[in-house]
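Engineer: Okay, here's the structure, questions in a sec.
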């Protein structure tokens, strides 16, 4: 079954609910749609971006209270009175207020990591809940009444059956928008967050901005849900926007499948219906009302999460196999612009006196090295010599304690990795950093993120509404060219995690090449490769050298290195102990003393 046919079938079944369902069933379906709209934002925020938030109910309340105040207060200031003319205007006001409020919260809290981020969302979720309850003009805990229904072309949505269509129109629009966004250039940058900040930044992604974008989108979806809720209920108090509800929204996303867009609807449906059924059944069994259903519900959900760690959507998807068509690659689209490579012999990288101290430990001590255009240079040394630290100093992951790092004449020491990547430096990693669930093609396309970049706002808008088809076709064509270049054409549409380790390393090189670098940093590129694969890699590096590209590599396979590189720099205990041609280095007494018996 094709995805479009499946979506059409879902829409048809959805349309039967208000026609054939009872009043109770339609009302329950309305709540499910409202919950799913909030959970959809958490799929983007938590499942895709890896950020945990317990405070989404606060944004639901912000949208609900904004429209409630604007449409019920009689003595609004003249500057705001015009917003009371229609609930649709109050929706715009709520979205703008939420955007500002979420931006401030995001800038304050998204810098936190680990358990500090979810704790901060707990803090502001509780604070905003009590703010709603203690403000007199918001009705306090008693609430606000008299909220008018939404009208469209003079037609009021004043019943559960009528508002049903509006709620699910918002939900389907949200699902399509998020799916489109995740399938765009900005979407790949967002998905790259789960691959680690170092990897994403090294590909030119501004991870702080990407985190803020998904935080804002999730907040806006929650705000829209609150607006719909207020005009459906026609009455408002703070209870639906408590911390308990915020936790429940997160639970919906996780149970449904936090990494899947349709998981939001599945999770909202399962949790809302299960709670209702349990409540009805337990009252009959126990003979008294209470919160007994929460106990049973908690136990059942733990079992579900143990059996389906990725949520219920992947389980359901196996029952209805969906034939997804592979992306169409158009080789005829104009190629992305390429940066001019430096002239032969020009110094591309110049490191002088680089030093890196971690407290009392000196990992790199007064080290200097140089890489010229069209040259392959190897950085070798025993375990603990400081090679990886040196790579991180060059690529911007670490800022040196002392010394200079110049790339094409520009001082880059201390500059962020994403800025260095834009200048034309790209890298691979000692421990492969890929997005295993994404295709080989999409992984490589991340490398081209900054090429002919349209800007954040334009990228998000065009990606969300499929207005970037031509630009996307060029990026994918470039990714396909690099995949073919490294010999992985047969795996272009395979999941990256399904490849053996050796091919994953080759995939990292393809991703680095998609960035159009003039200096390539390769961290153990031959590790895990078979003999013929190493020969193919060596041939590829020679071709890159012939084109004028520079390569700096760390490698432990001495046979591979000695037959390939122009010069070698040897490190031991953070210091340079030798530098020169391969034959000279092999005969150097200091190298023999440091290296024999200490080869990694």
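Engineer: Output the antiparallel fraction of DSSP beta bridges having both residues in the chain, as a percent to the nearest 5.
Structural biologist: Percentage antiparallel, nearest 5: 60.
Engineer: Nearest 10 degrees is fine. How inclined is helix 501-514 to the longest principal axis of the chain, computing both from alpha carbons?
Structural biologist: Helix 501-514 sits at roughly 90 degrees to that axis.
Engineer: Follow-up. Please work out the Kirkwood hydrodynamic radius for region 21-242, using every pair of different C-alpha atoms, and report it in angstroms with one decimal place.
Structural biologist: Computed over region 21-242, the radius equals 18.1 Å.
Engineer: Then there's this: With r as the distance between the Cβ atoms of residue 208 and residue 352 and R0 = 30 Å, compute the FRET efficiency 1/(1 + (r/R0)^6) and round to 0.05.
Structural biologist: According to the calculation, E is roughly 0.50.
Engineer: Can you tell me the orientation of helix 469-485 relative to the chain, as the angle in degrees between its alpha-carbon axis and the longest Cα principal axis, to the nearest 10?
Structural biologist: The angle comes out at about 40 degrees.
Engineer: Angle check, please: helix 207-233 long axis (alpha carbons) against the longest principal axis of the chain (alpha carbons), in degrees 0 to 90, nearest 10.
Structural biologist: 10 degrees
Engineer: For region 536-575 and region 440-505, what is the separation of their C-alpha centers, rounded to whole Å?
Structural biologist: If we compute the Cα centre of each part, the gap is 27 Å.
Engineer: Still on this structure: With each label point set 7 Å from Cα along the Cα-Cβ vector, what nm distance links residue 562 and residue 307?
Structural biologist: Result: 6.0 nm between the two label points.
Engineer: Using helices alone, what [θ] at 222 nm do you get for the chain, with -39,500 (n - 2.57) per DSSP H run of 4 or more residues, divided over all residues and rounded to the nearest 500?
Structural biologist: Only helices count here, giving -17500 deg cm²/dmol.
Engineer: What is the chain's relative contact order, in percent, from Cα pairs under 8 angstrom and six or more apart in sequence?
Structural biologist: Computed value for the chain: 17 percent relative contact order.
Engineer: Of the listed peptides 347-353, 405-411, what is their order by residue-averaged count of other C-beta atoms within 10 Å, with the highest listed first?
Structural biologist: Working: 347-353: 19.1, 405-411: 16.1.
By packing density, highest mean first, the sequence is 347-353, 405-411.
Engineer: Also, quick follow-up: Considering only C-alpha atoms, what is the centroid distance from region 330-359 to region 4-27, in Å?
Structural biologist: Measuring centre to centre over Cα atoms gives 56 Å.
Engineer: Going 7 Å from the Cα of residue 490 in the Cα-to-Cβ direction, what parts of region 512-539 have a backbone nitrogen less than 13 Å from that spot?
Structural biologist: Output list for this probe position: 533.
Engineer: Now a separate question. Quick one: which of 500-512, 222-234 comes out on top by average Cβ neighbours within 10 Å, and what's the full order, highest first?
Structural biologist: Ranking, from highest mean packing down: 222-234, 500-512.
Engineer: Still on this structure: Please rank 468, 557, fewest neighbouring Cβ atoms within 10 Å first, as an exposure proxy.
Structural biologist: Ascending Cβ contact count within 10 Å gives the list 557, 468.
Engineer: Using only C-alpha positions, report the orientation-averaged shadow area of the convex hull of region 347-595, nm², one decimal.
Structural biologist: So the Cα hull casts an average projection of 14.0 nm².
Engineer: Compute the separation of the alpha-carbon centres of region 206-220 and region 240-259 and state it in Å as a whole number.
Structural biologist: 19 Å
Engineer: Sticking with this structure for a sec: Can you give me the P(r) profile for the chain? Cα pairs, bins 10 angstrom wide beginning at 0, each as a whole percent.
Structural biologist: Percent of Cα pairs in each bin: 3, 15, 23, 21, 16, 12, 7, 3, 1, 0.
Just so you know, all these numbers are worked out from the coordinates, no wet-lab data involved. Because the structure is a prediction, the values reported are computed rather than measured. Here the Cβ is made from the backbone with ideal geometry for all residues, glycine too, and neighbour counts use every protein chain on show.
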